[in-house]
Amino acid sequence: MSQATIESLDVEAFQALFDRCSNWGRWGSDDERGTLNLITPEHRVRAAGLVRDGVTVSCAHPINTVTDIENTSPANHFIVVGGDVADGEKYRFTGDHLAVSPHGLGHSHLDALCHFFWQGKMYNDRPISLVTSVGARANAITIGQDGIVSRGILLDVARQLGVDWLEPNHPITVDELEACEQAAGLRVESGDILLVRTGRQVRKNALGPWDARASLAGLHHEVGPWLKERGVALLGCDGVSDLRDHAFRSTPITHPIHILTLVAMGMQLLDNQNLEDLADACAGRSRWEFMLVVAPLKLQGGTASLTNPIAIF
C-alpha cells in the first residue's frame, strides 16, 4: 500500500475504530494493567523455554545527550564528583547526575497508559485530569514495576520487503506483518510482545537525522484491530509505531496508533527502540522469537520510563 492510497477519514470513523479496539471494562472497572493481563505465569515459563544460547541483546539506544532535529529534549548527564578531584581523603568516590524527559523521538522509552487520552478519557474510562502536576493518579508507569517478561517476536518489515529501510510515511499493513510471520515460521499470539522493525536507524546512519515528527514510517490504522485480535500484550518499534501521514491527518488526531493502543486497548508502547542488533541476532539464528525482559523504573506517578529491554536467546 502506498502513501497515496490512504484515504482521508474523519473523527466519526476514528471513533468507530476506537470502539472496535476498546478493552474498557474487559478486566474490570478498576483495571490499570490493560493488555499486560494477557501475560500469564504460563507465558513467562514458555518464554524462558526459548533460551538456548544464553546470549543477551539490548533493544535500547544509549541515553542521548546530543541535540538534533529529532532529539529536542536531550538528557542532561553531569559528573558531579570526578576523578580529577578525588583525593582519597575528602572525596573517595565518583558520581554523576542524570535528568531526562523520556518522551519524544530521542530516547528509548516505555509509555504508560496515562500518556495519551481520547475525548477527555484515558484507558478504562478514567478522566485525563487524574494526571496532575504532582503525578499520575491512575494508569501510571508503576503498573509494570515488577517487570514485563514474555515471548518477544520481531517482525522485520524492512527485511521482508528486501530494503534497508522503509521510507518515511510508509504505512505498514496487516498483510505485510502477516508476510513477516509466514517468512519467520511463527504466529503472533496472545500474551506476546511484538517488536516491529522499519530500519529507521539504518536510514539515519546513511542519510543523517530528519524531522521524524513530520515523516516517519509506522502502522496503518487497520493494524489496531489486528493487534487486539491477536492479543498482543506490548508493542514496540524502532520508530514510535505511528505513521505520520495517516488517514486522520485532517482531524486533530495526531497519533492514531498511540490512542488505539494506550487508550482503547490499554497496551503500553516501547518507542524508539534499537532493533538493529536484535535483527542481526535473529537473522543469524533464523529465529525470530526470544525471551524478552522489560524493566521500567519504579517511578511513582510517571507517564513513561527510560528502559532497556533485553532479548535472551
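Worth pointing out:
- Of all the criteria given as (1) over 14 Å from the mean Cα position of the chain (by Cα); (2) modelled with pLDDT of 95 or more, the one not satisfied by ASN272 is (1).
- Positions within the range 283-313 being within 22 Å of VAL157 (Cα to Cα) and of a type in the set (Val, Ile, Thr), in sequence order: ILE310, ILE312
- For the residues SER108, SER29, the requirement of being within 28 Å of LEU194 (Cβ to Cβ) and out of contact with any Cys (no Cβ under 8 Å at 6 or more places or on another chain) singles out SER29.
- Within the range 261-272, residues that are in the same structural domain as PHE18 (by TED's automatic domain parsing) sit with their Cβ atoms under 8 Å from residues that are hydroxyl-bearing (Ser, Thr, Tyr) and outside any loop (DSSP other than H, G, I, E, B), at 6+ positions apart or across chains, in these pairs: MET265/THR35; GLY266/THR35; MET267/THR35; MET267/THR261; GLN268/THR35; GLN268/THR261; LEU269/THR261.
- When the residues of the range 101-131 are filtered to those that are in contact (Cβ under 8 Å) with a residue 12 or more places away in the chain and assigned to a strand (DSSP E or B), the one that is nearest to ILE253 (Cα to Cα) is TRP118.
- Selected residue (criterion: farthest from THR56 (Cα to Cα)) from residues of the range 270-310 that are touching a Gly at 6+ places or on another chain (Cβ under 6 Å) and outside any loop (DSSP other than H, G, I, E, B): LEU270
- Condition check for ILE79: of a type outside the set (Phe, Trp, Tyr), outside any loop (DSSP other than H, G, I, E, B) and exposed (fewer than 15 other Cβ atoms within 10 Å of the Cβ): yes
- Subset of the range 240-260 [in contact (Cβ under 8 Å) with a residue 40 or more places away in the chain, among the β-branched types (Val, Ile, Thr) and assigned to a helix (DSSP H, G or I)]: ILE259
- Tallying residues that are surrounded by fewer than 16 Cβ atoms within 10 Å (Cβ to Cβ) and not hydrophobic (A, V, I, L, M, F, W, C) within the range 90-120 yields 10.
- Top-ranked residue of the range 152-161 - restricted to ones that are touching a residue at least 40 places away in the same chain (Cβ under 8 Å), touching a Cys at 6+ places or on another chain (Cβ under 9 Å) and part of a helix (DSSP H, G or I), ranked as surrounded by the fewest Cβ atoms within 10 Å (Cβ to Cβ): ARG159
- Filter pass, ALA212 being more than 16 Å from the chain's Cα centre (by Cα), buried (at least 19 other Cβ atoms within 10 Å of the Cβ), of a type outside the set (Phe, Trp, Tyr) and assigned by TED's automatic domain parsing to the domain that holds PRO296: no
- Here LEU98 meets each of (1) over 21 Å from the mean Cα position of the chain (by Cα); (2) not in a strand (DSSP E or B) with one exception, condition (2).
- Taking the range 127-142 as the range and being on the phi < 0 side of the Ramachandran plot and crowded, with 22+ Cβ neighbours inside 10 Å as the test, the residues that pass are ALA136, ALA140, ILE141.
- Residue that is nearest to the chain's Cα centre (by Cα), among those in the range 61-73 that are surrounded by 13 or more Cβ atoms within 10 Å (Cβ to Cβ) and under 12 Å from SER108 (Cα atoms): HIS61
- Of everything in the range 5-55 that is in contact with a strand residue (DSSP E or B) (Cβ under 8 Å, 6 or more places away or on another chain) and part of a loop (DSSP other than H, G, I, E, B), the residue that is surrounded by the fewest Cβ atoms within 10 Å (Cβ to Cβ) is GLY54.
Table: residues versus (1) out of contact with any Cys (no Cβ under 8 Å at 6 or more places or on another chain); (2) assigned by TED's automatic domain parsing to the domain that holds GLN145; (3) in contact (Cβ under 8 Å) with a residue 12 or more places away in the chain.
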site	(1), (2), (3)
LEU38	yes, yes, yes
PRO41	yes, yes, no
VAL55	yes, yes, yes
GLY88	yes, no, no
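The values are calculated or read from the model by the stated rules, or taken from the named source; none is laboratory data. Everything numeric here is computed off the predicted structure, so don't read it as measured data. FYI the Cβ positions are ideal-geometry reconstructions off the backbone, even for glycines, and counts take in every protein chain you see.
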